Amino acid sequence: MNYEESLNWIHDQLKFGIKPGLERMQWMLERLGSPQEKINGIHVVGTNGKGSTLNYMRSALNANNYTVGTFTSPYIEVFNERIAVDGKPIPDEAIAELATMVRPVSELMEEETPFGKATEFEIITVMMFVYFGKVNPVDFVIVEAGLGATYDSTNVFRPVMTLLTSIGLDHTEILGDTLIDITRDKSGVIKEGIPLVYNIADDHSREYVRGVLEEKNAKGVEMHRDIIIFHRSDEFDFKYGVYDFENIQLKMIGAHQHENASLAMAALLELKERGRLTLDLNKMVDAIEETSWGGRIEVLQESPLIIADGAHNNEAVDALVSAMEEYYSDKKITVLFSAVKGKPIGPMVDKLAVIADEFKVTEFEFFKSRPVEEIYEAVSHPKKEKVSDYRTFIKEFDGEMLLITGSLYFISDIKQTFKGPSGP
């Protein structure tokens, strides 16, 4: 298959939806030579903050002369971003080669087993393991989980380090209705003897994870217990064990990014202590300070100011609102919001309404996009309005500040709009 044929085949698997379980992954990987066993992998799971934390780690490792593969989702501008080396998407030819290798195995599984067809995410995950385990080995592979943890397609390898960035109520229809349900699922990535660096706000969830760590004889490195940070507006101080760094100033704003960066640093320092890598600490901190990540409070345009953020659940909206209140309280903010089906958007739009002078809602071209009428009904802001053509609206916006938020898939569409020849 060529690149276009490969993408068409991969995306065609999307209609088979989400199928929790690892038997399809294990079957396909075994027939491909178990490439997941050959990577030096770091597993990143959590409700929010996975992408940013992964990127902080990748930047710091690159600065210390390590080659790093990453697996992320969703993509923001091009599909190939999902499998990247040193922050650069792999080439079209590699996607075509991987799809051509994986497709026969996928089709054989459908013919010879009761497992049925693989999902799109399973196919891409297998492609990633094949790429880094067979085709193009690298020093480290940082793997971001998709949905959940225990039965997520990525949970088929033994990492050298696991990070749990947060626990919140998201994908409750699959993972469970309570924080403890979701904590049980996330805890399924804790492996015997493998350290976990984690950030959990809820007391009961934190105690549950501590219990699993004890059962698995695994070291826990806990935010606000083992990792100490002091927030000072746009700077923070960090302390972990004998390591102490002051006046760290990130490109990505918000107290939640201080925590994400601190998780990344603590994980790297723990790997250093275990003899897994060599770190120049100054290079690590400098790289983390310079890290940016698309679609996370990202400035798309300076005048008028347009910011995009993929705050797609309650906890992410809390972090976004907090950052807006701290950094942009002097601005009149117009919110442009869209979401996908299955999200409890009522609390999200209520929180955004607090910072919004005007509230615009829209829908975008995606099979799971929530109809604009549903979003409009959920918003109680006195200055709410439906936007039918959001591209034109953005192009003609002349207010003080436009905050585009909701779904990361929506932000991906927006980013491609800005990148295109007819963009703003």
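The values are calculated or read from the model by the stated rules, or taken from the named source; none is laboratory data. Model, not experiment: these values are computed from the prediction. FYI the Cβ positions are ideal-geometry reconstructions off the backbone, even for glycines, and counts take in every protein chain you see. The accessibility values were calculated without ligands, DNA or RNA, using every heavy atom of the protein model including side chains. Shrake-Rupley method; radii C 1.70, N 1.55, O 1.52, S 1.80 Å.
One residue stands out among those in region 339-378 that are among the acidic types (Asp, Glu) and closer than 16 Å to residue 414 by Cα: the one that is surrounded by the most Cβ atoms within 10 Å (Cβ to Cβ), which is 363.
To keep it simple, each residue is scored yes or no on (1) within 16 Å of residue 241 (Cβ to Cβ); (2) in contact with a helix residue (DSSP H, G or I) (Cβ under 7 Å, 6 or more places away or on another chain); (3) part of a loop (DSSP other than H, G, I, E, B).
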residue	(1), (2), (3)
201	no, no, yes
205	no, yes, no
212	no, yes, no
217	no, no, yes
225	yes, no, yes
229	yes, yes, no
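List the strands (runs of 3 or more DSSP E) inside region 233-318, counting only whole elements, that have at least 1 residues being open to solvent by 50 Å² or more (accessible area, probe 1.4 Å). Correct list: 235-240, 243-249, 298-301.
Any residue in region 37-48 that is open to solvent by 40 Å² or more (accessible area, probe 1.4 Å) and part of a helix (DSSP H, G or I)? Lay out the reasoning, then the answer.
First, the residues of region 37-48 that are open to solvent by 40 Å² or more (accessible area, probe 1.4 Å): 37-38, 40.
Next cut, part of a helix (DSSP H, G or I) only: 37-38.
Looking for residues that are open to solvent by 40 Å² or more (accessible area, probe 1.4 Å) and part of a helix (DSSP H, G or I), one finds at least one in region 37-48, hence yes.
Looking across region 121-164, the residues that are open to solvent by less than 30 Å² (accessible area, probe 1.4 Å), of a type in the set (S, T, N, Q), modelled with pLDDT of 95 or more and part of a loop (DSSP other than H, G, I, E, B) come down to 154, 155. Screening residue 203 against (1) without any contact (Cβ under 8 Å) to a residue 40 or more places away in the chain; (2) over 25 Å from residue 273 (Cα atoms); (3) surrounded by 17 or more Cβ atoms within 10 Å (Cβ to Cβ); (4) not polar (S, T, N, Q) leaves a single unmet condition, (3).
Condition check: on the phi < 0 side of the Ramachandran plot, in contact (Cβ under 8 Å) with a residue 12 or more places away in the chain and surrounded by fewer than 15 Cβ atoms within 10 Å (Cβ to Cβ). Does residue 325 satisfy that? In short, yes. What do you reckon, is residue 221 buried (at least 16 other Cβ atoms within 10 Å of the Cβ) and not in a helix (DSSP H, G or I)? It is true that residue 221 is buried (at least 16 other Cβ atoms within 10 Å of the Cβ) and not in a helix (DSSP H, G or I). Where strands (runs of 3 or more DSSP E) fall wholly inside region 327-424, the ranges with 2 or more residues that are of a type in the set (Val, Ile, Thr) and within 30 Å of residue 11 (Cα to Cα) are 401-406. Taking the criterion of being open to solvent by 40 Å² or more (accessible area, probe 1.4 Å), over 25 Å from residue 297 (Cα atoms), in contact with a Leu (Cβ under 9 Å, 6 or more places away or on another chain) and outside any loop (DSSP other than H, G, I, E, B), would at least one residue in region 67-86 satisfy it? No: zero hits. Each residue in region 392-411 was checked for being open to solvent by 10 Å² or more (accessible area, probe 1.4 Å) and more than 13 Å from residue 340 (Cα to Cα), and 8 pass. Only one of the numbered conditions (1) touching a strand residue (DSSP E or B) at 6+ places or on another chain (Cβ under 7 Å); (2) in contact (Cβ under 8 Å) with a residue 24 or more places away in the chain; (3) over 22 Å from residue 311 (Cβ atoms) is violated by residue 36, and that is (1).
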